[in-house]
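The values are calculated or read from the model by the stated rules, or taken from the named source; none is laboratory data. Because the structure is predicted, anything quoted here is derived from the model rather than measured. Just so you know, the surface numbers come from the protein's heavy atoms only, side chains and all, with ligands and any DNA or RNA stripped out. Shrake-Rupley method; radii C 1.70, N 1.55, O 1.52, S 1.80 Å.
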Amino acid sequence: AAERMAEAGAAGVIVPDMDRYAKELERNLRDVTGTPAPRGSSWFNMTKGVPLLETRLLQAALLPLRFVIEGEPRELLLSLFLSPYYGCWQGIRQRIARADIIWRKRSVDSSLDNLLRALKAEDPDTFAFIPPDGIEYLSLFCRTTGISEKKKGAFWAAQLREIWNRLGFPVGADEKDTVDRRGLDEIMEEIDRHLSETRIDGYEFSAWLAHLASRKMVQIGAAEDAGIQIMGVIESRGLDFDKLYVLGMDDRSLPEPARPLPFLDSTERALVQGGTAESQYEFARRSFDHLMRIAPDITLLRAEQEDLKPLTASPFWPGDEEKRSIDIWNT
């Protein structure tokens with residue numbers, strides 16, 4: 001199927017509301033294309049990445065901080081042991097995982113000291129497999145962090161970097177991990193620039209880190225000549241395709257609802273693109289006119305309902321089902 005799509009020429013998919021469609025669209029395309037593309041090529045290229053916060057590397061990076069903030073729970077200690085991103089436990093994770101049986105059996109749910117004490121008493125062989133250096137560093141991190149105390153942002157950043165370094169984080173497996181690591185480095189540098197002298201506690205530091213990671217989009221670069229190009233309305237400007245699909249032609253996507261902009265009054269909102277329904281409609285009208293000129297064969301698609309609730313068609317949706325072609329060179 002993927003080969004036929006690639007042979008058919010340059011296919012474009014325009015998604016006005018990528019936030020609603022991107023994940024599901026990527027998942028289904030991977031199901032359709034099946035086998036990986038030949039090395040150095042791609043069946044499709046999606047311009048929208050994913051928030052860094054949702055990546056496995058970032059979730060692993062937060063584990064030491066969460067372990068302290070959430071009261072040293074058994075589940076997070078086990079997650080640290082089992083995470084492939086921490087080199088400290090490499091090669092012995094399966095043996096250490098046996099510790100969870102002991103903890104469950106003895107109903108020990110939290111506190112690093114209690115968890116280790118119970119394991120040493122019940123199963124000294126498994127306890128002996130845990131590298132003492134790793135436990136010592138983690139214990140020191142838990143004791144000296146003082147999670148509720150107000151300290152400079154530079155202190156929290158240094159503490160987190162130190163525990164990452166001590167526990168061998170991160171162990172990357174592929175290109176995606178490299179891209180995600182680069183994104184993590186960028187948000188840590190942003191914290192260094194803006195929060196290094198600000199006094200915050202560990203909860204606030206963690207919240208800032210998660211907030212920045214939720215706003216940071218990361219994506220592996222894909223070939224520009226991939227068989228299917230998937231992009232938003234703005235990214236499609238200046239391009240042309242042999243075949244174009246426009247997804248989500250409902251009134252939530254094209255036009256999008258006006259932006260809330262809570263700190264602007266009605267007069268100020270009227271001056272900002274997207275601040276009013278009128279400006280959103282005008283932007284959508286110009287965008288739709290552009291879309292109708294970038295391919296000779298265009299298919300408009302929309303869902304009739306979402307979460308069992310009916311969706312209203314976009315005002316640009318044709319009244320009757322129709323098919324039309326446009327000569328992009330002469331129009």
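Across the accessible surface of the stretch 88-238, with the other protein chains kept in place and a 1.4 Å probe, carbon and sulfur atoms take up 48 percent.
Restricting to Cα pairs below 8 Å that are 6+ residues apart, what does the relative contact order work out to for the chain? Please round to a whole percent. Mind showing how you got there, number by number?
Numbers: 466 pairs, mean separation 88.3, N = 331.
Dividing the mean separation by the residue count of the chain yields 27 percent.
Relative to the current alpha-carbon distance between SER110 and HIS211, full extension at 0.36 nm per residue lengthens the span by 33.7 nm.
Cross-link partners for LYS120 among the lysines, with Cα-Cα distance under 20 Å and sequence neighbours closer than 8 places in the same chain left out: LYS105.
Provide the percentage of antiparallel DSSP beta bridges, counting only those with both residues in the chain; round to the nearest 5. Looking only at bridges with both residues in the chain, the antiparallel portion is about 35 percent. Once the 1.4 Å probe is applied to the protein heavy atoms, the chain comes out at 57 Å² accessible per residue. What is the stretch 124-241 by shape, rounded, prolate or oblate, if you read a ≥ b ≥ c off the alpha carbon gyration tensor as root eigenvalues and call it rounded for a/c under 1.5, prolate for a/b larger than b/c, and oblate otherwise? Oblate, since a/c reaches 1.5 and b/c is not below a/b. Computed from Cα positions, the angle between helix 18-33 and the longest principal axis of the chain comes to roughly 90 degrees. The Rg/Rh ratio of the stretch 176-313, with both radii computed over alpha carbons and Rh defined as the Kirkwood radius, is 1.06.
Subtracting the Cα-Cα distance of ARG193 and GLU149 from 0.36 nm times their residue separation leaves 13.7 nm of extension gain. Rounded to the nearest 10 degrees, the inclination of helix 132-144 to the longest alpha-carbon principal axis of the chain is 80 degrees. Remark: accessible surface ordering of HIS211, HIS194 (largest first) is HIS194, HIS211, probe radius 1.4 Å.
Close amide H partners of ILE200, meaning residues 5 or more places away or on another chain with modelled amide H under 5 Å apart, are LYS151, LYS152, GLY153. Listed by chain and number, the lysines whose alpha-carbon sits under 24 Å from that of LYS23, ignoring those within fewer than 8 places in the same chain, are LYS48, LYS176, LYS216, LYS243, LYS309. The angle between the Cα long axis of helix 175-195 and the longest principal axis of the Cα atoms of the chain comes to about 80 degrees, rounded to the nearest 10.
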